[in-house]
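Below: the structure, in structure tokens.
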Amino acid sequence: MDQSKPSRKQVREDAYRMAASIDARVPLLGPLLVVLGAILLQLTLADKITVGPRWLLPGLEGLLLIGLAIATPMDQVQHKTRRMLALVLIGLVSVANIVSLALLVHYLLHGGKGGGRALIGSGVELWVTNVLVFGLWYWELDRGGPLARQLRREALPDFLFPQMGEGKPYVAEGWMPGLVDYLYTSFTNATAFSPTDTMPLTATAKWLMTVQSLTALVTIGLVVARAVNILS
């Protein structure tokens, strides 16, 4: 019986086929569009709550987005370059959003009534960006990321979705959370300021949801207060 090892070419071809199969089940177009939406929202923020020229940071994020779009798996299914670019890009958008929120807090508390309506609109945009960015964080970090979830389905999850319990007759066998599930989790956490139907299981997930709830609470609280002040 021939026990010879497969050739290097055969191993590479198998890796290509596996990567293509997984990418077909984990399309990256959705996350790229979510990041693009967050970048476009940054371009519409008021000048007072942006650092430097309005185009500078979104331009850098756009370059990273292009790099993420073209960084596809080659010899490895879980391509380290693509994952690193994704985490750096999401982190950059997150930091920009937090800095803009800090500036918004400053101007809403100490800026008088000048430009109040524009700042309220920016607050709404920051809240929407908050939902998009944290949805991507959850999607990227749960069980090591979307590709790792497909490769290691037995790995312990960071989030417990209601579809993951036993005896669920209306859930397809082998169900795995997709991007929309993480965006929904992000949306409910940003509106209820606490988990709703999806529970965080790990310390990382709990810290992320805590930070998101806190930023959403500050944003909504200040925007509502400012709106009431202007209308009165």
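The values are calculated or read from the model by the stated rules, or taken from the named source; none is laboratory data. Everything numeric in this text was worked out from a predicted model, so none of it was measured. Cβ placement follows ideal geometry from the backbone for every residue including glycine, while neighbour counts extend to all protein chains displayed.
Would you mention how many residues in segment 158-186 are under 17 Å from the mean Cα position of the chain (by Cα) and more than 19 Å from Pro146 (Cβ to Cβ)?
Residues meeting the conditions: 0.
Given the conditions (1) modelled with pLDDT of 60 or more; (2) in contact with a Gly (Cβ under 8 Å, 6 or more places away or on another chain); (3) not charged (D, E, K, R), which single one is not true for Gln78?
(1)
Quick one: would you say Leu41 is within 23 Å of the chain's Cα centre (by Cα) and at pLDDT 70 or above?
yes
Hey, among the residues in segment 42-60 that are touching a residue at least 60 places away in the same chain (Cβ under 8 Å) and among the β-branched types (Val, Ile, Thr), which one's surrounded by the fewest Cβ atoms within 10 Å (Cβ to Cβ)?
Thr44
Which numbered condition trips up Leu156, out of (1) assigned to a loop (DSSP other than H, G, I, E, B); (2) closer than 19 Å to Lys206 by Cα; (3) at pLDDT below 85?
The single condition Leu156 does not satisfy is (3).
Give the residue that is surrounded by the most Cβ atoms within 10 Å (Cβ to Cβ), with candidates limited to residues of segment 199-210 that are in contact (Cβ under 8 Å) with a residue 12 or more places away in the chain and either within 14 Å of Trp137 (Cβ to Cβ) or of a type in the set (Ser, Thr, Tyr) (or both).
Met209
Just for segment 187-198: of the residues that are exposed (fewer than 15 other Cβ atoms within 10 Å of the Cβ) and touching a residue at least 24 places away in the same chain (Cβ under 8 Å), which one is nearest to Leu147 (Cα to Cα)?
Applying the filter and picking the extreme gives Asp197.
Quick one: Val95 ticks every box in (1) surrounded by 17 or more Cβ atoms within 10 Å (Cβ to Cβ); (2) at pLDDT 85 or above; (3) not charged (D, E, K, R) bar one, so which box is it?
Status for Val95: all satisfied but (1).
For segment 109-153, enumerate the residues that are modelled with pLDDT under 75, in contact with a Gly (Cβ under 9 Å, 6 or more places away or on another chain) and either under 18 Å from Leu29 (Cα atoms) or part of a helix (DSSP H, G or I) (or both).
Within segment 109-153, just Leu119 meets the criteria.
Filter segment 155-183 down to residues that are touching an Asp or Glu at 6+ places or on another chain (Cβ under 9 Å) and either without any contact (Cβ under 8 Å) to a residue 24 or more places away in the chain or among the hydroxyl-bearing types (Ser, Thr, Tyr) (or both) and give me whichever is surrounded by the fewest Cβ atoms within 10 Å (Cβ to Cβ).
Checked segment 155-183; the qualifying residue surrounded by the fewest Cβ atoms within 10 Å (Cβ to Cβ) is Gln163.
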